[in-house]
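Following: one structure in structure tokens, then a few remarks.
The values are calculated or read from the model by the stated rules, or taken from the named source; none is laboratory data. Here the structure is a predicted model, which is why all the values come from computation and not from measurement. Ideal geometry is used to build each Cβ from the backbone, glycine not excepted, and the neighbour counts take in all protein chains shown. Just so you know, the surface numbers come from the protein's heavy atoms only, side chains and all, with ligands and any DNA or RNA stripped out. Shrake-Rupley method; radii C 1.70, N 1.55, O 1.52, S 1.80 Å.
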Amino acid sequence: MNIGTQKPESIRNTATKCPFCERESLTDILEEKGDIIWLKNKYPVLADAFQTVLIETKDCFSELSEYSKDHLYALIDFGLQAWEKTIKSGDYKSVIFFKNHGPFSGGTLRHPHMQIIGFKEADYHENISASQFEGITIDQQKGIEFNISTKPKMGFYELNILMEDQGKTKELADYIQLSTHFLLNHFNKNCNSYNLFFYRMDETIIAKVVPRFAASPLYVGYSFPQVASNIDVIAEKIKSLYI
């Protein structure tokens with residue numbers, strides 16, 4: 001039996017026992033710092049891949065938008081270092097770093113976590129372009145930019161943070177938290193899910209935060225991303241609420 005089919009599901013089935021809460025039973029731990037644990041994925045579903053999970057907190061019902069600043073900064077710094085360590089191992093053609101939250105995100109466990117996956121043959125860079133991170137500027141500081149996509153990868157609304165200065169990890173974390181808080185509280189009353197994706201393009205680290213609903217059939221069937229007509233309004237709303 002494929003081990004992935006045994007994976008527990010606790011987002012919709014809240015009665016499911018959470019494996020991340022039973023910390024004394026966790027195995028194959030790679031590294032930990034305080035409440036943050038990085039370990040091998042017990043339920044791998046991908047071939048030719050090194051699949052790992054980054055447990056963000058002990059609190060099963062917390063969420064990234066609610067973290068204290070100290071925990072937020074520690075988490076993003078830890079995650080970026082674990083991602084970089086996997087890349088620098090030289091064992092993989094590409095390494096992805098991402099987070100699912102909510103019933104439409106593609107995730108299965110409610111407990112806050114991220115994933116770092118090293119692919120031996122696949123290169124995610126082949127499927128992205130710099131234009132997918134261009135957009136209307138919401139805020140900008142030296143070495144880091146926060147915008148809303150004018151050429152989204154999947155469609156409609158995508159928030160991008162581009163960090164050229166590697167010393168701006170706290171600002172990166174702040175923009176990520178701002179984005180998730182906005183989507184869950186001020187964006188759309190039906191929005192309860194998002195994805196957070198990290199990318200590296202040359203020396204720039206990019207985070208993309210995407211609200212998730214049922215996917216557009218134009219994207220699923222034909223890979224046509226749709227651009228919302230009011231992204232300028234959304235940009236101004238974020239500015240007025242947070243900036």
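Check segment 47-55 and report whether any residue there is part of a strand (DSSP E or B) and among the aromatic types (F, W, Y). Quick ask: steps written out before the conclusion?
If we filter segment 47-55 for residues that are part of a strand (DSSP E or B), which is where we start, we get 49-55.
Of the ones still in play, those that are also among the aromatic types (F, W, Y) are 50.
Yes, some residue in segment 47-55 is part of a strand (DSSP E or B) and among the aromatic types (F, W, Y).
Residue check: is S179 open to solvent by less than 10 Å² (accessible area, probe 1.4 Å) and either in contact with an Asp or Glu (Cβ under 6 Å, 6 or more places away or on another chain) or of a type in the set (S, T, N, Q) (or both)? Break it down into steps so the answer makes sense when it comes.
Details: open to solvent by less than 10 Å² (accessible area, probe 1.4 Å): yes; either in contact with an Asp or Glu (Cβ under 6 Å, 6 or more places away or on another chain) or of a type in the set (S, T, N, Q) (or both): yes.
Criteria met by S179.
Do we have any residue at all in segment 57-70 that's in contact with a helix residue (DSSP H, G or I) (Cβ under 7 Å, 6 or more places away or on another chain) and either at pLDDT below 95 or part of a strand (DSSP E or B) (or both)?
Checked against the condition, which is being in contact with a helix residue (DSSP H, G or I) (Cβ under 7 Å, 6 or more places away or on another chain) and either at pLDDT below 95 or part of a strand (DSSP E or B) (or both), segment 57-70 yields no hits at all.
Only residues that are open to solvent by less than 20 Å² (accessible area, probe 1.4 Å), among the aromatic types (F, W, Y) and free of Cβ contacts under 8 Å to residues at least 60 places away in the same chain: list them for segment 28-65, please.
Correct list: empty.
Taking segment 67-118 as the region of interest, how many residues are more than 19 Å from Y199 (Cβ to Cβ) and of a type in the set (S, T, N, Q)?
Number satisfying all stated conditions: 2.
Has segment 205-215 got any residue that is in contact with a Lys or Arg (Cβ under 7 Å, 6 or more places away or on another chain) and either exposed (fewer than 13 other Cβ atoms within 10 Å of the Cβ) or touching a residue at least 60 places away in the same chain (Cβ under 8 Å) (or both)?
Step one: of segment 205-215, the residues in contact with a Lys or Arg (Cβ under 7 Å, 6 or more places away or on another chain) are none.
No, because not a single residue in segment 205-215 is in contact with a Lys or Arg (Cβ under 7 Å, 6 or more places away or on another chain) and either exposed (fewer than 13 other Cβ atoms within 10 Å of the Cβ) or touching a residue at least 60 places away in the same chain (Cβ under 8 Å) (or both).
Quick check, is F98 modelled with pLDDT of 95 or more and open to solvent by less than 20 Å² (accessible area, probe 1.4 Å)? Even if it seems obvious, please write down each step before you answer.
Working: modelled with pLDDT of 95 or more: yes; open to solvent by less than 20 Å² (accessible area, probe 1.4 Å): no.
Taking the combined requirement at face value, the residue does not satisfy it.
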